[in-house]
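The values are calculated or read from the model by the stated rules, or taken from the named source; none is laboratory data. What you are looking at is a predicted structure, and each value in this text was computed from that prediction instead of being measured. Positions of Cβ are backbone-derived with ideal geometry, glycine not excepted, and every protein chain shown enters the neighbour counts.
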């Protein structure tokens, strides 16, 4: 089978768009598959990306990336879901409900799915008043009333770290058990951070802006921002047939060049690791994967 594309990029977030741009600059034929989902589809403003005074909405950055790719006829943007990848006759085949697309290499940029088990209707609050990343959103919490949700030592540490930005902090377990040990509870007490072993019953919210949490025991906790670490599921179902190695948490294992254990298959962005889920990191990894994929496509005589 003759491959229709040099590289199949699965995912159209910052990592995928960055990879496609770098590959276009190498004059490679690229297909980008995007379902307009994932973290970059939330309405949050990113203040950590260089070159955007005042920050840039993740959605806006994504739209600008697609617009930038529009100048390159080498790039085909497919608003299609890819359900699986396989290898046949020397090519990788991406397939989904709308068809099959062959390519010589693959860059997986599918990200993760977030699961906020906090309250009904949480989706409207993400990026507006519901956050999880201190690196991204801690600075905007300066002087704000912040509730940290969770029942583990990790949650306690997040609350303690947030003291850098505000002294109006509350930790709410929202769980039947409290797994925060005595040492961490003592640290919270010394810092003056109330620990409420209670559950959210209802929320007071206007257009995604949380105003108060009402607990099962009858408390009313006013707030401006809620920090809650979600459960994260890496999107790796499409590569299972290829035998790509995953780590214990389900993230794709890559080397320093974003190469997986399968020749010709690369991965970039949040799908590659549990930590450092940043747009800046995703863009860097996408570009790195593109450079490595471009080199992979060269004949052996050009790689010496």
Here the residues within region 105-126 that are outside any loop (DSSP other than H, G, I, E, B) and surrounded by 17 or more Cβ atoms within 10 Å (Cβ to Cβ) are 105, 106, 107, 108, 112, 114, 122, 126
Of the listed residues (50, 8, 23), the one being over 22 Å from residue 114 (Cβ atoms), more than 18 Å from the chain's Cα centre (by Cα), surrounded by fewer than 24 Cβ atoms within 10 Å (Cβ to Cβ) and in contact (Cβ under 8 Å) with a residue 12 or more places away in the chain is 50
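Yes/no per residue for (1) within 30 Å of residue 82 (Cβ to Cβ); (2) surrounded by 15 or more Cβ atoms within 10 Å (Cβ to Cβ); (3) over 27 Å from the mean Cα position of the chain (by Cα):
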{"residue": "169", "(1), (2), (3)": "no, yes, no"}
{"residue": "172", "(1), (2), (3)": "no, yes, no"}
{"residue": "188", "(1), (2), (3)": "no, yes, yes"}
{"residue": "216", "(1), (2), (3)": "no, no, yes"}
{"residue": "225", "(1), (2), (3)": "no, yes, no"}
{"residue": "234", "(1), (2), (3)": "yes, yes, no"}
{"residue": "238", "(1), (2), (3)": "yes, yes, no"}
Restricting attention to region 249-279, the residues that are over 16 Å from the mean Cα position of the chain (by Cα) and in a strand (DSSP E or B) number exactly 3
Taking region 252-276 and keeping only residues that are farther than 27 Å from residue 102 by Cβ and at pLDDT 95 or above, one is left with 256
How many residues of region 75-100 are touching a strand residue (DSSP E or B) at 6+ places or on another chain (Cβ under 6 Å) and over 15 Å from residue 35 (Cβ atoms)? The answer is 8
task: Please tell me if residue 176 is loosely packed, with under 13 Cβ neighbours inside 10 Å, over 30 Å from residue 21 (Cβ atoms), in contact with a helix residue (DSSP H, G or I) (Cβ under 7 Å, 6 or more places away or on another chain) and without any contact (Cβ under 8 Å) to a residue 60 or more places away in the chain.
output: no
Touching a strand residue (DSSP E or B) at 6+ places or on another chain (Cβ under 7 Å) and surrounded by fewer than 17 Cβ atoms within 10 Å (Cβ to Cβ) - does that describe any residue in region 127-141?
no
Restricted to region 77-104 and to residues being under 23 Å from the mean Cα position of the chain (by Cα) and under 20 Å from residue 22 (Cβ atoms), the residue surrounded by the fewest Cβ atoms within 10 Å (Cβ to Cβ) is 77
If we scan region 36-45, do we find a residue that is free of Cβ contacts under 8 Å to residues at least 40 places away in the same chain, closer than 22 Å to residue 136 by Cβ and out of contact with any helix residue (DSSP H, G or I) (no Cβ under 7 Å at 6 or more places or on another chain)?
yes
| message | Taking the criterion of being under 30 Å from residue 140 (Cα atoms), crowded, with 19+ Cβ neighbours inside 10 Å and touching a strand residue (DSSP E or B) at 6+ places or on another chain (Cβ under 9 Å), would at least one residue in region 254-268 satisfy it? | response | yes
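To keep it simple, each residue is scored yes or no on (1) under 30 Å from residue 299 (Cβ atoms); (2) not assigned by TED's automatic domain parsing to the domain that holds residue 192.
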residue	(1), (2)
61	no, yes
79	no, yes
89	yes, yes
96	no, yes
158	no, no
Over region 280-304, the set of residues touching a helix residue (DSSP H, G or I) at 6+ places or on another chain (Cβ under 7 Å) and assigned to a loop (DSSP other than H, G, I, E, B) is 303
